[in-house]
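Shown next, in structure tokens, is the structure this report addresses.
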Amino acid sequence: MSHTPGILADNAIAGLFETGRLTAEAALDDDQIQPASLDLRLGAKAYRVRASFLPGPGHRVADKLSRLSLHEIDLTEGAVLETGCVYLVELMEGLSLDPAMSASTNPKSSTGRLDIFTRVLADHAQEFDIIPAGYNGPLYLEISPRTFPVIVRKGSRLSQIRFRVGHAVLAEDELMALHHAETLVASDMPNVSGGGIALSIDLAGEGLVGYRGKHHTGVIDVDRKAGYDVLDFWEPIEGRGKGELILDPDEFYILVSREAVHVPPLYAAEMTPFDPLVGEFRVHYAGFFDPGFGHAGAGGKGSRAVLEVRSHEVPFILEHGQIVGRLVYERMLTPPARLYGAGLNSNYQAQGLKLSKHFRAG
């Protein structure tokens, strides 16, 4: 295969199945392959485990799972995963990567917006969500609901995987040049540092500026779209013209970026957690942005980045315009056949402040 650096597009991901580099227990869902990523599906069994773990060099996940599992849960007909517990599920997809190809994983947007903490493990792994070049073996998903109990089942899609050849991340000078050509974020003076382009928080105005997750709610079925009333699960936060928000420790917030975001068709982006040295908070879930997100030609002009934010240890004041995250951009290996939003029924194209697809609009 070509060793030109880049992220694999949808056609190339489909080709991995054809060559056996990707395997699956069952036929793919029609919308499982995205422009620059693949949704991963839960298998039939979940295991409640005593604690999160990494297998480490020379060890398989299954070997440690047999020692750390508390009980087994059948997901065939669906099951409730409780907050504060850690579960492990073998995924339906497995890998046999080319020696020149690696992969990384992230929670899907809807997963992050429900405050479901997920990480992918591979055999022999020393870190989460990173699949080394040439990996051959199964994949497992660690799941820990933080705010809401959730119902999942075999085939539920909580995480996604992105494949890459070589190092495709844009250097800061390349990133600035691309911004001047394509306007990556709607800012006259973008902050490009730390390998990415900064996003700041929008807390201006008198109206709705965010949501805070409620405690002791009912369960949310992760496969049920527009099935829940917002106020049963969320406390709306009004700006009242203050331009600031005090984050309470270990509360979960949904906020939105001040800047509109644009991912041109020949690039993919990823949100990275912000440097904790700037304050006791972080963007809680990193996330993939596929080619075409916020792209005018794919119906996405004005798309904002929704941010899942949590403060730790002490209360922290966020102010309007404060930097809260960075977007890292990578080159695509080839153009995707379809862009995010364009004919894909993408849930978050042209979004502003928006909760996950599980909640009824209005």
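A few notes on this one:
- Subset of the stretch 57-93 (residues that are buried (at least 17 other Cβ atoms within 10 Å of the Cβ) and in contact with a Gly (Cβ under 9 Å, 6 or more places away or on another chain)): Val61, Lys64, Leu75, Val89, Glu90, Leu91, Met92
- Residue within the stretch 281-289 that is open to solvent by 30 Å² or more (accessible area, probe 1.4 Å), of a type outside the set (Phe, Trp, Tyr), modelled with pLDDT of 75 or more and outside the structural domain of Ile130 (by the TED database) present: no
- Residue within the stretch 170-182 that is touching a Leu at 6+ places or on another chain (Cβ under 9 Å), in a loop (DSSP other than H, G, I, E, B) and open to solvent by 40 Å² or more (accessible area, probe 1.4 Å) present: no
- Wholly enclosed strands (runs of 3 or more DSSP E) of the stretch 109-154 bearing at least 3 residues within 18 Å of the chain's Cα centre (by Cα): 116-122, 136-145
- Where a residue in the stretch 320-336 is within 12 Å of Met271 (Cα to Cα) and its partner, wherever it lies, is crowded, with 19+ Cβ neighbours inside 10 Å and among the acidic types (Asp, Glu), with Cβ under 6 Å and at least six apart: Val328/Glu270
- Only strands (runs of 3 or more DSSP E) whose full extent lies in the stretch 298-342 are considered here, and the ones with at least 1 residues that are farther than 19 Å from Arg212 by Cβ are 323-331.
- Pairs where the first residue, in the stretch 252-272, is over 16 Å from Ile323 (Cβ atoms) and the second is of a type in the set (S, T, N, Q) and surrounded by fewer than 24 Cβ atoms within 10 Å (Cβ to Cβ), C-beta under 8 Å, 6+ apart: Phe252/Thr147; His262/Thr183; Glu270/Asn106
- Assessment of the stretch 166-188 against the conditions (within 22 Å of the chain's Cα centre (by Cα) and closer than 30 Å to Ser69 by Cα) yields no matching residue.
- Residue in the stretch 36-50 that is on the phi > 0 side of the Ramachandran plot and either open to solvent by less than 60 Å² (accessible area, probe 1.4 Å) or at pLDDT 95 or above (or both) present: no
- Residues that are within 14 Å of His320 (Cα to Cα) and not in a strand (DSSP E or B), drawn from the stretch 183-210: Asp202, Leu203, Ala204, Gly205, Glu206, Gly207
- Residue within the stretch 17-35 that is free of Cβ contacts under 8 Å to residues at least 24 places away in the same chain, under 25 Å from Tyr340 (Cβ atoms) and assigned to a strand (DSSP E or B) present: yes
- Filter result for Ser159 (over 25 Å from Ala260 (Cβ atoms) and assigned by the TED database to the domain that holds Thr19): yes
- Per-region count, the stretch 114-131, residues touching a strand residue (DSSP E or B) at 6+ places or on another chain (Cβ under 7 Å) and open to solvent by 10 Å² or more (accessible area, probe 1.4 Å): 6
- Any hit, the stretch 87-102, residues being assigned by the TED database to the domain that holds Leu28, under 25 Å from Ala36 (Cβ atoms), of a type in the set (Ser, Thr, Tyr) and in a strand (DSSP E or B): yes
- Some residue of the stretch 198-205 being open to solvent by 20 Å² or more (accessible area, probe 1.4 Å) and either under 18 Å from the mean Cα position of the chain (by Cα) or within 25 Å of Val89 (Cα to Cα) (or both): no
- All positions within the stretch 3-43 that are among the small types (Gly, Ala, Ser) and touching a strand residue (DSSP E or B) at 6+ places or on another chain (Cβ under 7 Å): Gly6, Ala9, Ala14, Gly20, Ala24, Ala26, Ala36, Ser37, Gly43
- Residue pairs meeting the criteria (Cβ under 6 Å; at least 6 apart or on separate chains; first at positive phi, in the stretch 224-250; second of a type in the set (A, V, I, L, M) and open to solvent by less than 50 Å² (accessible area, probe 1.4 Å)): Gly243/Leu203
The values are calculated or read from the model by the stated rules, or taken from the named source; none is laboratory data. This structure is a prediction, so every number in the text was calculated from the model and none was measured. In this analysis, Cβ positions are derived from the backbone assuming ideal geometry, glycine residues included, and neighbour counts consider all displayed protein chains. Just the protein is used for accessible areas: all its heavy atoms, side chains included, with ligands, DNA and RNA removed. Shrake-Rupley method; radii C 1.70, N 1.55, O 1.52, S 1.80 Å.
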